[in-house]
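A short worksheet on the structure shown next.
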Amino acid sequence: MSQITLGILGGGQLGSMLSVAAKKLNIKTVIYCNDEEAPAKNFCDDFIYAEYDNNEKINDFAKKVDIITYEFENIPFETLNELNKLKTVLPKPSVNRLIQHRLAEKDFINKLNIRTTRYVYIERKEDLLPLGDFLPGILKTTTMGYDGKGQFPIKNIEEISSLNINFDNEYILEKLVKLKKEISIIVTRFKNNKYEIYEPVENTHENQILKHSKIPAEISKKIFDQSKEWAVLIAEELKYVGTLCIEFFIDRNDNLYVNEIAPRVHNSGHLTINAYNVSQFENHVRAVCSLEQVPIKKLSNAKMINLIGNQIIPYREGLKLKDNQFFFDYLKKDIKEKRKMGHLTILE
Ligand code: ADP
Ligand code: MG
């Protein structure tokens, strides 16, 4: 077969890592991004800088590639849908439309008889007033949220009057779960209904941003089995093609909840680069490009540490690493507070 060119919408670190994985498989990548300084520019074969609603550039992009995927979920549905008429987009645009809306996403999960947090749709500030039962809770924008952005914790009814937020957006109010732990499952579904499923990853967040991930997760057999079962059920129901991440909460009574679905490769799966024979990125490329499926094999236990803001500096300055430590610099120009700048994976 002649060489495949994969188009990727979005040029963040996930786009970079997808490009690196594609290169290993002799697949060329074209990244399309609305950030001229996108990190993935350093790793792809070709780069298009334009807004996601620029029809002319979107057409140019489609002409250059054989197949299209995306590395973040907030690509306008219209863009994905138009592109899909020109070249196959995977995962399907309809999957993205469902998941990029927190209310539709949670309704979908509940219809599968899978537990989520309790939630309610909020259009106006007054909608919150009778909802003391949902407090303490978190108000979340229905769209465009990530890394805790667009989230507002509310402790009690008294706090509602002083809330200073923009109700031009739509929200959901979610009851706070008393968390024991958070885990995630990364699963790759291939077109022939086959799966590669990684073992559950245990995640620690600080200020709603992922800080640490590790395998093995310290969880009961019940949670281990149920999380895998739910992840496969969700991927199956979506007829998903590619790598998908399901984020879970575990409460203090060892109940499992699906928190959210990411229709893409995920930060908590970065350790698969070093800890498995085939990473989440390589598996995504294999699935969307219809390449051969290689059974995954775990090579090592591992821990991943996100380097946020200034934490990248000592590593950039050449801090000496041990043989079991792997440093990834996303090559973002500006160091910003709360911005994921790189990560470190430690095999153990
Ligand atoms: P994002 O899209 O920003 O990742 P999430 O809904 O996953 O948004 O929230 C980020 C983090 O905030 C979660 O991983 C968890 O640590 C905390 N969090 C969010 N919602 C709840 C909740 N209902 N109960 C307890 N913790 C929550
Ligand atoms: Mg999340």
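The values are calculated or read from the model by the stated rules, or taken from the named source; none is laboratory data. Note that the coordinates shown come from a computational prediction; the quantities given were computed from them, not determined experimentally. Glycine also receives a Cβ, built like all others from the backbone with ideal geometry; neighbour counts cover every protein chain displayed. Side chains included, ligands, DNA and RNA excluded: accessible areas come from the protein's heavy atoms. Shrake-Rupley method; radii C 1.70, N 1.55, O 1.52, S 1.80 Å.
In segment 243-269, the qualifying residues are those that are outside any strand (DSSP E or B) and closer than 15 Å to E199 by Cβ, and the one that is farthest from ligand 2 (Cβ to nearest atom) is G269.
Take the residues in segment 157-195 that are open to solvent by less than 20 Å² (accessible area, probe 1.4 Å) and within 15 Å of the chain's Cα centre (by Cα); name whichever of them is farthest from ligand 2 (Cβ to nearest atom).
In this case the residue turns out to be T188.
For segment 196-210, state whether one or more residues are under 24 Å from I305 (Cα atoms), in contact with a Lys or Arg (Cβ under 6 Å, 6 or more places away or on another chain), open to solvent by 30 Å² or more (accessible area, probe 1.4 Å) and among the hydroxyl-bearing types (S, T, Y). Yes, there is a match, as at least one residue in segment 196-210 is under 24 Å from I305 (Cα atoms), in contact with a Lys or Arg (Cβ under 6 Å, 6 or more places away or on another chain), open to solvent by 30 Å² or more (accessible area, probe 1.4 Å) and among the hydroxyl-bearing types (S, T, Y). When segment 287-324 is filtered for residues that are assigned to a strand (DSSP E or B) and either within 20 Å of L244 (Cβ to Cβ) or assigned by TED's automatic domain parsing to the domain that holds K24 (or both), the ones remaining, listed by number, are K298, M304. In segment 207-227, of all residues being touching a residue at least 60 places away in the same chain (Cβ under 8 Å) and of a type outside the set (S, T, N, Q), the one that is farthest from ligand 1 (Cβ to nearest atom) corresponds to P216.
With respect to the conditions (1) under 17 Å from the mean Cα position of the chain (by Cα); (2) more than 26 Å from A22 (Cα to Cα); (3) in a helix (DSSP H, G or I), H284 lacks only one, and its number is (2). If you go through segment 287-309 one residue at a time, do you hit one that is away from ligand 2 (no atom under 16 Å from the Cβ), touching a Ser or Thr at 6+ places or on another chain (Cβ under 8 Å) and closer than 24 Å to T88 by Cα? Within segment 287-309 (the criterion being away from ligand 2 (no atom under 16 Å from the Cβ), touching a Ser or Thr at 6+ places or on another chain (Cβ under 8 Å) and closer than 24 Å to T88 by Cα), the answer is yes, since at least one residue qualifies. Take D133 and decide whether it is of a type in the set (D, E) and outside any helix (DSSP H, G or I). Here the answer is no, as D133 does not meet what is asked.
In this structure, L112 does not qualify as among the aliphatic types (A, V, I, L, M), within 16 Å of ligand 2 (Cβ to nearest atom), surrounded by 12 or more Cβ atoms within 10 Å (Cβ to Cβ) and under 18 Å from I261 (Cα atoms). One residue stands out among those in segment 92-107 that are open to solvent by less than 40 Å² (accessible area, probe 1.4 Å) and free of Cβ contacts under 8 Å to residues at least 40 places away in the same chain: the one that is nearest to F77 (Cα to Cα), which is P93. What residue, of I154, I138, I122, is touching a strand residue (DSSP E or B) at 6+ places or on another chain (Cβ under 6 Å), surrounded by 17 or more Cβ atoms within 10 Å (Cβ to Cβ) and over 25 Å from L210 (Cα atoms)? Sole residue among the options that is touching a strand residue (DSSP E or B) at 6+ places or on another chain (Cβ under 6 Å), surrounded by 17 or more Cβ atoms within 10 Å (Cβ to Cβ) and over 25 Å from L210 (Cα atoms): I122. Return yes when E199 is closer than 18 Å to S300 by Cα and away from ligand 2 (no atom under 16 Å from the Cβ) and no when it is not. Yes; evaluated as a whole, the condition is true for this residue.
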